[in-house]
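The values are calculated or read from the model by the stated rules, or taken from the named source; none is laboratory data. Fair warning: this is a prediction, and the values are worked out from it, not measured in the lab. Cβ placement follows ideal geometry from the backbone for every residue including glycine, while neighbour counts extend to all protein chains displayed.
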């Protein structure tokens, strides 16, 4: 991999991100809205259910943790869509840029934006609700990494579909990740899900993380096997995502980069 | 040794064959025109030469290396510009040139960008976002970006489309100069036949995905064997029109002037007959066939009569 080529793609999307209002909104606006809406809802629930003193921490940390999944996926997909909207993809791929460098640059870009979005949301959570996201201590690192891994493989599947079907399915970039959110048990325990949903949730890596986060809140520690299961599942899905992405890229080259818009 | 070799390139889209078993070479320092009517297969061929489209069959070699195997090494030395491809709309021109320059392994990157800006007189556009540029300015920036990596091979898809004549002329002079100085090899597609005649050492005509001619622009024009005789008739215009109609000679009636297409050898007899019939003309001009005539001939689907 050549660093200068990865840097080139980062630079292209960095300029775009900070000049486009909707991309800035993705980083700051939606986390703010989510925190206000669900944070206030949690305060309301707490006011008539004092036996749930941790409800605000559970919901607010759920919102902040979900950012890792959403941003990692969205940045990967929006970067591809950006080049399609700008009819710039051919400029990128008639250069020596490798496919692996292209994907790596999306992951790095997503990571940088996540740090920004997470820092902002964490600060806002503390200011609004005195929820300290660093309450999770060391666990924050594996949580963040495993949640981002989920965002990456979802992003890979979405991008594979966009490469095959073009911008007419661009809405998937914003919607597909939401399909796994009910199975992730972000705000509620897995046990409240119906049996068939619990079976699916067992195959969703994020369910182990959100369940684990609630264990940390309740008992101060979690069963490390949860992290392991989440990691193994993520690894499997990332491998499948990469294979699908590579095949879709080949298919795209078979149709021609100019045909995709 | 050719700098680029296209060997038996074929591209099929389901049952449609866009490019059908074409082979050609590009020599060092050569400017090759890739011509043909719309839908002939020019852009498909260019895309395959760039690795942006996988051929159904055949191979592309640059510098005696296979594009599909040594992609990165080859594309470091190749570049592309098209009037129909955009740069990111929200980026400033200087940002576009900067990020493109990082895609290539260029020594003295900043100086190269400055030089390109200077050559193409882009100084006043550097802080403009791409979407604010006119079509001509975009074409100019696109062309500038295609030279950023000192390419040994440059592929240009209608590089002067939408440029005003002065800038188009500058671009043509610049390309000829680059070729002279650096022996850069260029493949160019264009619908401006005068431009092709001025720039190209050789022309490949593609029609329905096949190469139907590979020659110099002058030879292709000569192959038409038809000259245009333009007469400004002062007396007997109706007689003249009847005469050409009766003799099934192609002509165009432009009001005061009549343009008649004739084989060079038939011109003296034609003029003699015109005089005999009492037709009087004040002015006469005889234009030799051009590449444009050849293009129109092919575009009309008459190539089978060649």
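Worth pointing out:
- Matching residues, segment A:16-31, being surrounded by fewer than 20 Cβ atoms within 10 Å (Cβ to Cβ) and facing chain B (nearest Cβ under 9 Å): A:19, A:20
- Residue within segment B:114-130 that is within 14 Å of chain A (Cβ to nearest Cβ), surrounded by 15 or more Cβ atoms within 10 Å (Cβ to Cβ), without any contact (Cβ under 8 Å) to a residue 60 or more places away in the chain and under 21 Å from residue B:72 (Cα atoms) present: no
- Every pair of residues 6+ apart whose Cβ atoms lie under 6 Å, when the first sits in segment A:71-98 and is within 7 Å of chain B (Cβ to nearest Cβ) while the second is crowded, with 24+ Cβ neighbours inside 10 Å and assigned to a loop (DSSP other than H, G, I, E, B): A:86/B:88; A:88/B:88
- When B:97, B:35 are screened for being within 12 Å of chain A (Cβ to nearest Cβ) and surrounded by 18 or more Cβ atoms within 10 Å (Cβ to Cβ), only B:97 passes.
- With respect to (1) surrounded by fewer than 20 Cβ atoms within 10 Å (Cβ to Cβ); (2) within 14 Å of another protein chain (Cβ to nearest Cβ); (3) more than 25 Å from the chain's Cα centre (by Cα), the lone exception for residue B:88 is condition (1).
- Residue within segment B:267-276 that is part of a loop (DSSP other than H, G, I, E, B) and either in contact with a strand residue (DSSP E or B) (Cβ under 7 Å, 6 or more places away or on another chain) or loosely packed, with under 13 Cβ neighbours inside 10 Å (or both) present: no
- Qualifying residues in segment B:100-113 (those that are outside any loop (DSSP other than H, G, I, E, B) and under 29 Å from the mean Cα position of the chain (by Cα)) - the one nearest to residue A:99 (Cα to Cα): B:103
- A single member of A:162, A:238, A:209, A:200 is part of a helix (DSSP H, G or I) and without any contact (Cβ under 8 Å) to a residue 40 or more places away in the chain, and it is A:200.
- Segment B:102-113, residues that are within 8 Å of another protein chain (Cβ to nearest Cβ) and closer than 21 Å to residue B:182 by Cα: B:104, B:105
- Screening the candidates B:47, B:69 for the property of being without any contact (Cβ under 8 Å) to a residue 40 or more places away in the chain, buried (at least 21 other Cβ atoms within 10 Å of the Cβ) and either assigned to a helix (DSSP H, G or I) or more than 10 Å from chain A (Cβ to nearest Cβ) (or both) yields one hit, B:47.
- Inter-residue pairs, beta-carbon under 9 Å, first farther than 11 Å from residue B:233 by Cα and not assigned by TED's automatic domain parsing to the domain that holds residue B:237 and in segment B:269-282, second in a strand (DSSP E or B) and at pLDDT 90 or above, 6+ apart: none
- Complete set of residues in segment B:193-216 that are over 19 Å from residue B:45 (Cα atoms) and within 11 Å of the chain's Cα centre (by Cα): B:193, B:194, B:195, B:197, B:198, B:199
- Filter result for residue B:188 (touching a residue at least 60 places away in the same chain (Cβ under 8 Å), under 30 Å from residue B:79 (Cα atoms) and either in a loop (DSSP other than H, G, I, E, B) or out of contact with any helix residue (DSSP H, G or I) (no Cβ under 9 Å at 6 or more places or on another chain) (or both)): no
- Residue match in segment B:147-158 (condition: more than 20 Å from residue B:104 (Cβ to Cβ), assigned to a loop (DSSP other than H, G, I, E, B) and either in the same structural domain as residue B:51 (by TED's automatic domain parsing) or within 19 Å of the chain's Cα centre (by Cα) (or both)): yes
- Unmet requirement for residue B:289, which otherwise passes all of (1) surrounded by 11 or more Cβ atoms within 10 Å (Cβ to Cβ); (2) within 34 Å of the chain's Cα centre (by Cα); (3) part of a helix (DSSP H, G or I): (3)
- Residues that are without any contact (Cβ under 8 Å) to a residue 24 or more places away in the chain, crowded, with 17+ Cβ neighbours inside 10 Å and away from chain B (no Cβ under 14 Å) are absent from segment A:109-117.
- Single condition residue B:61 does not satisfy, out of (1) away from chain A (no Cβ under 14 Å); (2) surrounded by fewer than 17 Cβ atoms within 10 Å (Cβ to Cβ): (2)
- The condition of being surrounded by fewer than 16 Cβ atoms within 10 Å (Cβ to Cβ) and in contact with a helix residue (DSSP H, G or I) (Cβ under 9 Å, 6 or more places away or on another chain) holds for only one of A:134, A:65, A:48, that being A:134.
- All strands (runs of 3 or more DSSP E) inside segment B:199-243 with 1 or more residues being outside the structural domain of residue B:37 (by TED's automatic domain parsing) and more than 20 Å from residue B:186 (Cα to Cα): B:226-235
- Among the residues making up segment A:1-34, those that are without any contact (Cβ under 8 Å) to a residue 24 or more places away in the chain and within 18 Å of the chain's Cα centre (by Cα) are A:22, A:24, A:25, A:29, A:30, A:33.
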